[in-house]
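What follows draws every value from the coordinates through simple rules; no lab data is involved. Source: prediction; values computed, not measured. Virtual Cβ from ideal backbone geometry, glycine too; neighbours counted across all protein chains shown.
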Amino acid sequence: MSERQTLSFLSKTLQRAGLQPKTKYGQNFLIDLNLLDILVQGADLGPTDVVLEIGTGMGSLTKTLATRAGQVITVEVDRDLQAIAARELASFSNVKLLCCDALRNKNHLRVEVLDAVREAMARIPGAKFKLAANLPYNVATPIISNLLSEKPLVERMVVTIQKELGERIIAPASCKDYSALSIWMQSQCDCEILRILPPSAFWPRPKVDSAILRIVPNQAKRARIEDLEFFHTRLRAMFLHRRKFLRSQLISAMQEELTKEQVDQVLAEQQLVANLRAEQLSIEQMIGLLEACRKRCT
């Protein structure tokens, strides 16, 4: 592993291929091996695990995942890096390398990626699906958030992401970082920052700090939400204009389903005053509010 993820190895390999890291793909390679080990340990991998990796790079992390997991599905959008990774990973029979964008659009993963995961799980009795990746900053939010709506449900995610994004995911109510993403993730998962990473842990160095984040879906939490799609779409609508008062936000979010009078009734039932703002509601209050709206729609 140490021979494959050092700055010297990475830079020389790219130089020989006449390549440079591409900023449009968010290519920042994690070169601190101790921190890379924390990511792998956090994933808690075993032979029944099917691991999805987004951002293969040159296959360094992929190799470590493959020695611990039953199957690795790794995705690389850059064809130049994919060619290098294919050579590095040729001896691993439990690695499937896909060359494509992992996202179909901002709200869905690419079908081919999920199909590869399902096919791998079908071959392993008792298989569990996990995500372990040094995620490119530009796709981190849609990858993490959309996996909670896909089947099979991911059992655990351990990823490196921008520190600011990690702080938004774990933010409590009534702070500047608290958002629809905070509620979406915390309403379903146990989320924890395992380590803050300085720019020097990567090559090329990003301009911001990063974090290793562990996300574990919690079935008891998810059971509180009757309709995940309804909850997700209305939740995002509730934060479109953060300075609007709660009543105005709810009227906008439910404009096609509820009248203003019905919105007022829901707020009264939930004992919420109209001049609150969405960012002031706890996760439990937001779940209760949107669930009450959903029931009035049916």
Legend entry - Coil-residue GluC sites (Glu not before Pro) of the stretch 170-266, DSSP, other Cβ within 10 Å capped at 10: 256
Inset, instruction - Using the structure shown, list the pairs from 63/221; 22/63; 22/221; 22/96 with a Cα-Cα distance above 29 Å, or answer none. - result: 63/221; 22/221
Inset, instruction - With label points built 7 Å along Cα→Cβ from the Cα atoms of residue 190 and residue 34, find their separation and express it in nm. - result: 2.7 nm
Legend entry - Which of 95, 72 has the fewest Cβ neighbours within 10 Å, and the rest in rising order: 95, 72
Legend entry - the chain - percent relative contact order, Cα under 8 Å, separation 6 or more: 15 percent
Legend entry - Selection of trypsin sites (Lys or Arg not before Pro), the stretch 205-281, meeting DSSP coil and at most 12 other Cβ within 10 Å: 207, 243
Inset, instruction - For the stretch 31-43, take each phi angle, set θ = phi - 60°, evaluate the Karplus expression 6.51 cos²θ - 1.76 cosθ + 1.60, and give the result in whole Hz per residue in order, putting x for glycine and proline. - result: 10, 7, 5, 5, 6, 4, 5, 4, 4, 5, 4, x, 6
Inset, instruction - Would you mind counting up the charge near residue 15? Only other residues with Cβ under 15 Å from its Cβ, with Lys and Arg at +1 and Asp and Glu at -1. - result: +2
Inset, instruction - Could you work out how far helix 7-16 tilts from the main Cα principal axis of the chain, as a 0 to 90 degree angle to the nearest 10? - result: 70 degrees
Legend entry - Test item: Cα-centred dipole of the chain, Lys/Arg +1 and Asp/Glu -1 on Cβ, debye: 480 debye
Legend entry - Dipole in debye (nearest 20) - the stretch 228-297, about Cα centre, beta carbon charges: Lys, Arg +1; Asp, Glu -1: 280 debye
Inset, instruction - Using only alpha carbon pairs under 8 Å that are at least six residues apart, calculate the relative contact order of the stretch 1-63 and give it in whole percent. - result: 41 percent
